[in-house]
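What follows is a set of notes on a single structure, which appears directly below.
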Amino acid sequence: NENTCYLAQTGMGLPDKDFYFELAHEGIKKEYEQHVKRMFECLGNYPESAEANAKIVVKIETELAKNSMNAVEQRDPQKQYNPYDINELKKTTANVNWDIYFKTIGIATPTLIVVNQPKFYEGINQLMKSISLNEWKVFLKWKLVAEAAPYLSSKFVNESFKFNGTILAGKKQMK
């Protein structure tokens, strides 16, 4: 028996890459940036700092989206199955230390990995050089807060619902 490791695109707070680029979603993208700002304010950031952090988050997510597949592209199973030997992946994404990554998540570095969106990981490789460490820290703080929001105080829960529940999902109230 052998398990297979899969890597897929991730990191975007909006439902699809198209939300970052299509004019039809421009209003939602602006609302999203304000939501991120308000969440940083919930953390205790001053409004100016929260706004700067929100801009960093949206900038990084937009860069991630550039190399992502949209929902239609992801429906093609042939495009989703891209087996890589670990050495081939390391060569393609030389700026990512996969050994440290897999050790950190608690698994041995696999010899074979299926990469669902190779272009995404090629983009990550470039972003590792072009995004500063401080910007990555802001982005990762955002990812933590966004994921933890349902389990934090009511100000986080309410703000998360305001955007994710109301604006994105169209719900009138929390259940």
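Residues in the stretch 61-71: is at least one more than 28 Å from K29 (Cα to Cα) and either free of Cβ contacts under 8 Å to residues at least 24 places away in the same chain or of a type in the set (S, T, N, Q) (or both)? Scanning the stretch 61-71, I find no residue that is more than 28 Å from K29 (Cα to Cα) and either free of Cβ contacts under 8 Å to residues at least 24 places away in the same chain or of a type in the set (S, T, N, Q) (or both), so the answer is no.
Looking only at the stretch 6-20, count how many residues are surrounded by 15 or more Cβ atoms within 10 Å (Cβ to Cβ) and either among the charged types (D, E, K, R) or within 12 Å of N116 (Cβ to Cβ) (or both). Of the residues in the stretch 6-20, 5 are surrounded by 15 or more Cβ atoms within 10 Å (Cβ to Cβ) and either among the charged types (D, E, K, R) or within 12 Å of N116 (Cβ to Cβ) (or both).
Considering the stretch 25-48, and only residues there that are closer than 16 Å to T62 by Cα and aliphatic (A, V, I, L, M), the residue that is surrounded by the fewest Cβ atoms within 10 Å (Cβ to Cβ) turns out to be I28.
Annotation note: of H25, H35, the sole residue that is in contact (Cβ under 8 Å) with a residue 60 or more places away in the chain and not aromatic (F, W, Y) is H35. If the condition is being assigned to a loop (DSSP other than H, G, I, E, B) and farther than 21 Å from V57 by Cβ, then the stretch 118-131 contributes no residue at all.
Residues in the stretch 55-78 that are under 13 Å from Q9 (Cα atoms) and open to solvent by 80 Å² or more (accessible area, probe 1.4 Å): K66 alone.
Among the residues of the stretch 102-125, just one is hydroxyl-bearing (S, T, Y), modelled with pLDDT of 95 or more and open to solvent by 80 Å² or more (accessible area, probe 1.4 Å), namely T104.
Is it the case, given these coordinates, that V96 is among the hydrophobic types (A, V, I, L, M, F, W, C) and in contact with a Pro (Cβ under 9 Å, 6 or more places away or on another chain)? For V96, the condition - among the hydrophobic types (A, V, I, L, M, F, W, C) and in contact with a Pro (Cβ under 9 Å, 6 or more places away or on another chain) - is not met.
Given the criterion within 27 Å of K66 (Cβ to Cβ) and polar (S, T, N, Q), identify the matching residue among T109, T104, T166.
Of the residues listed, the single one that is within 27 Å of K66 (Cβ to Cβ) and polar (S, T, N, Q) is T104.
Hey, does the stretch 132-141 have a residue that's closer than 25 Å to M39 by Cβ, of a type in the set (A, V, I, L, M) and open to solvent by 80 Å² or more (accessible area, probe 1.4 Å)? Within the stretch 132-141 (the criterion being closer than 25 Å to M39 by Cβ, of a type in the set (A, V, I, L, M) and open to solvent by 80 Å² or more (accessible area, probe 1.4 Å)), the answer is yes, since at least one residue qualifies.
The values are calculated or read from the model by the stated rules, or taken from the named source; none is laboratory data. As the structure is a computational prediction, the values presented were derived from the model and not from experiment. In this analysis, Cβ positions are derived from the backbone assuming ideal geometry, glycine residues included, and neighbour counts consider all displayed protein chains. Each accessible area value is taken on the protein alone, full model and side chains, heavy atoms only, with ligands, DNA and RNA left out. Shrake-Rupley method; radii C 1.70, N 1.55, O 1.52, S 1.80 Å.
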